[in-house]
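Below is one structure; the comments refer to it alone.
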Amino acid sequence: MSKVFVRFAIICFVATGFCRGTEILIIDAVHSESGDFCSDIIVQSDDFSAKRVDLSLLGDAAKRKWDVVVLVKPDPADYSPEIIEQLRALVDEKKAGLVVFGLSSIDGGNSAIFDLLGKRSPAKQGTHYERYFENCSWIWSSGEQKASSTAYFRTSFDLTALPVRAGVLISVDDKRKVWINGEAVGRGGSWEQSEFINITEHLVVGKNVFCVEAFNVGGAAGVIASILAYDKAGREQIAIHSDTNWKCSEQRDPNWLSVSFNDSAWHEAVGLAKIGFGPWARRVRRDDNGLEQVIETGTAANIITNGLESKLGTTVITDGLEVDAGAWVLARAGMVPAAVACQEGGARTVILGINPELGRPGDEDILVRAEFAKMVYKTLYWAAGRDDRIESADLKKWPIQTKAAGEHAVKSEEMFPIAIQCTPLPWPGVSRPQEYPRDQRGLRRIIDSIAEHGFSLVVVPATVSDGQEKYIEEYAAKQGLRMTFHSSGAELFGRDAPPKVCVYSNEYPKAVRRQVVEQLKPMESMERVYNALVYQDEPFHMGTKSFGYGEEVRAEFKKRYGYELPADVESIRKDPCKWLDVINFRSDYFPDGWRQVYKIIKESHPNIDILMTHDSHNTFGGGVGQESDLAIDDVYHWGADFADTLIFDIYPYMMYDFRYGEHKEVPKPRLCQTHFAMAQMRDVTTAYVKKWGFWFGTYNREWFELTKEKRERYWSEREMCFTAVAAGANYLIAGYGIPEDHHHWQELGAGTRLLQKAGPKVLEAARIKARAAMLFPRTQYIQLQKEYWNVGQSFECFARAFGELDMIHEEQINDSELNGYDVLLLFDVKLLPRDKAEHIISFLKNGGVVIADSVPVLGKYMEPMDLMEKVFGAKQAGMAQDAGSCKVNGRALGEDFEMSLAGQWDLNISDAAVLLKSADEKPVLAKKSVGKGNAYLLGFSLQMADFATWKNEDGKSRGALYRLLKTITNDSGVYAHVHSSNPDIEAAVRANGKEGFVFVIAHEPQEDKTMVTIRDLPFAIDKITNLENDTQVKFNEVEGAVQFEIDAPNGTTHLLYISPKVVK
């Protein structure tokens, strides 16, 4: 149990001697500031003893008898039936006083709590005030949102009487100016922060006009707003929401702000998305300042508020209260009841219809004001039936000052770097997202929980108010955590438009310096910054619209290639030489700019690691017909000499994992694309001696569409963290924030704490280089303009069969060594530059092994090439779209095979040996010796064959396919460093010359056990220790390898430490 939870759950009983005092149960589901407030009040009385619980401890507490039950901001609509029954039992206990301390911020209101209270409630739910864009839509002037464009919006409404209170809640992507009846009332930027504008004094009886000028800098554009007005009784007079009834135009008329302006020629706005959807899926931060009201004591004398000052403080009323007969008003905002009490028979009940944690902290804040605290103090005595103590009851001290924990509780320099955003914590039994705590105690609770869950960094700046942001940074640093600074745009260019300042101009470095100074200014005052995100998130070219044709661009192209840059890229589509030149040049534009940015940042911040996030598929072979439109960019071609750490951005289990065609309908195995892209990340960062990291998705509605299935995969964050570190990642960062679900958070914490048991030792042990590598054919990708992404299916199939697999980029094949690999895989490779083919032939002659499922027959410039046909001793007569299926029942290389295979080729064999045939006598596997090496050719598309086994749920054929691939590598005499007998349970090794780690990760296995085989590490193995429970793993030595069996049920991740034998 965490320290935070112990501190929260255990509040000592404060009583004189051990005689029974007034026993109070505080039910605080979300460990809130309001719950802290109630606890602070209670501990000041010698008459009170209290127990504070969340929903995980409610069961036992509900079995006891209490004098008073305090429900802190209850949200029954979000609770399970079991929790509701426990609460109902407490509510129905007539002898216990009941205090509902505040109402939650719920779209649509708090009707569920009134239903739960039933006849005990002193009031009914009235007007729901805290609306948060309820019924609003994001709108724009058209479906296409152009960069650097302005749109104008108008809506009108009539008033028969002036309201007592009226306001506008608005957010605009990107910048806004706002008018009411021609008077400017607000302006601002950043769609992530809404603004509440009080317009009460600007309204008139009759027609009113609300106008917005919205400017889009780039990317998505939209306006969302609601206009609300209330009469003196708190009843709603108007409720206007942004929708397609609003009028808009791209042209500014000189009189458009006038009430009398005729906007009939303007067209209707285009609806884009509801709040929480579309490009704005992340929640817009609310602005509750304008909703604040002064809370005063009720007008009628009563035993609780007698003697108190009338002003209690300021806060936000969540729901108005309609007072029942016999009840009385304790507090009000104008004429709107804010707190109501009643006594029915022996049952005493009080409801506070406010959310004390909304609004601005300060001296007038209701949770700071002593008069409000005194009222609550007296209310507790009244609810307990202690009327004799009410008049004399007084607080000893208010407010109570709480102390922060000591310095440097975490030694993050000695930990694996794992970063997370500071977002509200989840609690047992609660699924709704919580608001940021306003008080320092609540912020400390989040930071402490982050540290206790095994994280070593927080992402800053946090998306909170300036004061909170500064406190988070200072407190996190004091606790020993380090910072990941998150910004973007240092390079001054993006995906969808030509750069305004050309990277080849003399002005570019000057502009970058200005941008960097401004962008990194907040970082200057921060302590303990470890790394920084400075570039645009997920860069890639969005097709030809991102190309520029300025003078500097044309001059640079001519300098490199010796001829004029073609003005129309499509005009050279049939000229393979020029096409390749132009596409490579366009792709190189990005790293040409990044290198300059990196150099400039390092001049002023040499000790800060610079991070860059790569997209989930556009730069890994999945750009064709996607956001990037063209096959143009890939991560290895870009290189890595412009960052210290490259981060891979994909969220399996939490969001849509992109694939083409049928593969998107049957995305199995689930992690094949992830492993494929991770191998490319490992390749580029190894080649450039850089680190790589991984954004792992968390269960969070601000980023993902949450489903029951995702909630039940509580192990998914832990699984993805281990998968990344097993693949070689040296940095993890959450995307986006702390999981909303308590079970997810606890399981993630268990995983990160386990990683921290290995700590920095993992960083010193690299992922063991595989003995086999699969080729990424960039020239084919560019020339054919066909995706090379679904082939991740082939990558995963071979990796599962063999045990390990790396990627090697075409640009790395510069000699016969092939980076020291023993096996080269050519899957779906149809085009290969001649010089690369010749190096591969030399690799074969020197004893290498090549396994292919297609024969490259085209050269660099699309010319016919027969080199590889001679290597394999075969020709392919059919292409993939013509591939059929076949049955196999035969014997090859000492093994029997029975399976169905999709994607069969027509092979014409010349001088290769056919080792396996289909039932219709077509070659399934052929082998040819080339010098000292062997070339194996599959008579089918591995991608299509493996996919069909998942689509058809044909596990038998899939198992035979794995055995066939393993038999081929065995025949070649090449064995992996690590192999898992259960293909659904991944095993990977990171090691150096003195120690190592084995990662065992269950990826939804059908069977829970696997046999792991390890061989050829840099040292002899002495012991294998399971770090989770510090137990020894028994193993056997078999033919020069170490083998052990281990249980790994679904969701399991193991981390094993390998100790070397001591050489005497």
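The values are calculated or read from the model by the stated rules, or taken from the named source; none is laboratory data. Everything numeric in this text was worked out from a predicted model, so none of it was measured. Cβ placement follows ideal geometry from the backbone for every residue including glycine, while neighbour counts extend to all protein chains displayed.
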(message) Here is a check on your reading of the model: is V329 in a strand (DSSP E or B), assigned by TED's automatic domain parsing to the domain that holds P74, surrounded by 24 or more Cβ atoms within 10 Å (Cβ to Cβ) and among the β-branched types (V, I, T)?
(response) no
(request) Mind listing whichever residues of segment 1022-1064 are of a type in the set (A, V, I, L, M) and assigned to a loop (DSSP other than H, G, I, E, B)? (result) L1027, V1033, A1048, V1062, V1063
(message) I'm told K51 meets every condition in (1) assigned to a loop (DSSP other than H, G, I, E, B); (2) modelled with pLDDT of 90 or more; (3) of a type in the set (K, R) except one. Can you identify the failing condition by its number?
(response) (1)
(message) Would you confirm whether or not segment 953-960 contains a residue that is assigned to a loop (DSSP other than H, G, I, E, B), acidic (D, E), at negative phi and surrounded by fewer than 23 Cβ atoms within 10 Å (Cβ to Cβ)?
(response) yes
(request) Determine which member of the set S264, S226 is under 38 Å from the mean Cα position of the chain (by Cα) and of a type outside the set (D, E, K, R). (result) S226
(request) Could you check, for segment 1017-1030, whether at least one of its residues is loosely packed, with under 14 Cβ neighbours inside 10 Å and either under 30 Å from the mean Cα position of the chain (by Cα) or among the polar types (S, T, N, Q) (or both)? (result) yes
(message) So, in segment 229-254, exactly how many residues are outside any loop (DSSP other than H, G, I, E, B) and within 35 Å of the chain's Cα centre (by Cα)?
(response) 4
(request) State all residues of segment 601-622 that are part of a strand (DSSP E or B) and among the hydrophobic types (A, V, I, L, M, F, W, C); if no residue qualifies, say none. (result) I610, L611, M612
(request) Filter segment 170-198 down to the residues that are over 16 Å from W246 (Cα atoms) and in contact with a Phe, Trp or Tyr (Cβ under 7 Å, 6 or more places away or on another chain), then identify the one that is modelled with the highest pLDDT. (result) V185
(request) For D115, work out the one condition from (1) outside the structural domain of N216 (by TED's automatic domain parsing); (2) without any contact (Cβ under 8 Å) to a residue 24 or more places away in the chain; (3) of a type in the set (D, E, K, R) it doesn't fulfil. (result) (2)
(request) Would you kindly identify the strands (runs of 3 or more DSSP E) lying entirely within segment 766-853 that contain at least 2 residues that are in contact (Cβ under 8 Å) with a residue 60 or more places away in the chain? (result) 772-776, 806-809, 849-852
(message) For segment 874-883, check the following and say yes or no: at least one residue is within 26 Å of C672 (Cβ to Cβ), in the same structural domain as D920 (by TED's automatic domain parsing) and modelled with pLDDT of 95 or more.
(response) no
(request) Sort out which residues of segment 503-540 are over 16 Å from E603 (Cα atoms) and either in a helix (DSSP H, G or I) or outside the structural domain of V635 (by TED's automatic domain parsing) (or both), and write them in order of number. (result) E507, Y508, P522
(request) Kindly indicate the residue of segment 717-755 that is of a type in the set (F, W, Y) and not in a helix (DSSP H, G or I) and also surrounded by the most Cβ atoms within 10 Å (Cβ to Cβ) among those meeting that condition. (result) Y731
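Being at pLDDT 85 or above and among the small types (G, A, S) is the filter; apply it to segment 98-125 and report the residue that is nearest to V72 (Cα to Cα).
Ranking the qualifying residues of segment 98-125, first place goes to G102.
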(message) I'd like to verify a number: residues in segment 827-848 that are more than 20 Å from G933 (Cα to Cα) and either surrounded by fewer than 18 Cβ atoms within 10 Å (Cβ to Cβ) or among the basic types (K, R) (or both), how many?
(response) 1
(request) Exactly one condition in (1) over 30 Å from P76 (Cβ atoms); (2) surrounded by 18 or more Cβ atoms within 10 Å (Cβ to Cβ) is not met by V430; state its number. (result) (1)
(request) Return only the number of the condition from (1) in contact with a strand residue (DSSP E or B) (Cβ under 8 Å, 6 or more places away or on another chain); (2) farther than 12 Å from C422 by Cα; (3) assigned to a helix (DSSP H, G or I); (4) of a type in the set (G, A, S) that G467 does not satisfy. (result) (1)
(request) Scan (1) surrounded by fewer than 22 Cβ atoms within 10 Å (Cβ to Cβ); (2) part of a loop (DSSP other than H, G, I, E, B); (3) without any contact (Cβ under 8 Å) to a residue 60 or more places away in the chain for the single condition Y714 breaks and write down its number. (result) (3)
(message) So, A497, is that one crowded, with 16+ Cβ neighbours inside 10 Å and farther than 30 Å from R445 by Cα or not?
(response) yes
(message) Is it the case, given these coordinates, that T779 is of a type in the set (V, I, T) and over 20 Å from L1056 (Cβ atoms)?
(response) yes
(message) For segment 541-600: of the residues being within 30 Å of the chain's Cα centre (by Cα) and in a loop (DSSP other than H, G, I, E, B), which is surrounded by the most Cβ atoms within 10 Å (Cβ to Cβ)?
(response) H541
(request) Just give me the residues in segment 538-586 being of a type in the set (D, E, K, R) and farther than 29 Å from G489 by Cα, in sequence order. (result) E564, E570, R573, K574, D575, K578
(message) It is to be established whether one or more residues within segment 992-999 are under 24 Å from L961 (Cα atoms) and either touching a residue at least 12 places away in the same chain (Cβ under 8 Å) or surrounded by fewer than 16 Cβ atoms within 10 Å (Cβ to Cβ) (or both).
(response) no
(request) Quick one: which strands (runs of 3 or more DSSP E) lie wholly within segment 118-174 and hold at least 1 residues that are in the same structural domain as V91 (by TED's automatic domain parsing) and over 31 Å from the mean Cα position of the chain (by Cα)? (result) 123-128
(request) Identify all residues within segment 93-144 that are out of contact with any helix residue (DSSP H, G or I) (no Cβ under 8 Å at 6 or more places or on another chain) and among the acidic types (D, E); write none if there are none. (result) E93, D107, E134, E144
(message) Residues that are assigned by TED's automatic domain parsing to the domain that holds L824 and aliphatic (A, V, I, L, M), at least 3 per element: which strands (runs of 3 or more DSSP E) completely within segment 885-948 meet that?
(response) 895-904, 913-917, 923-930, 933-938
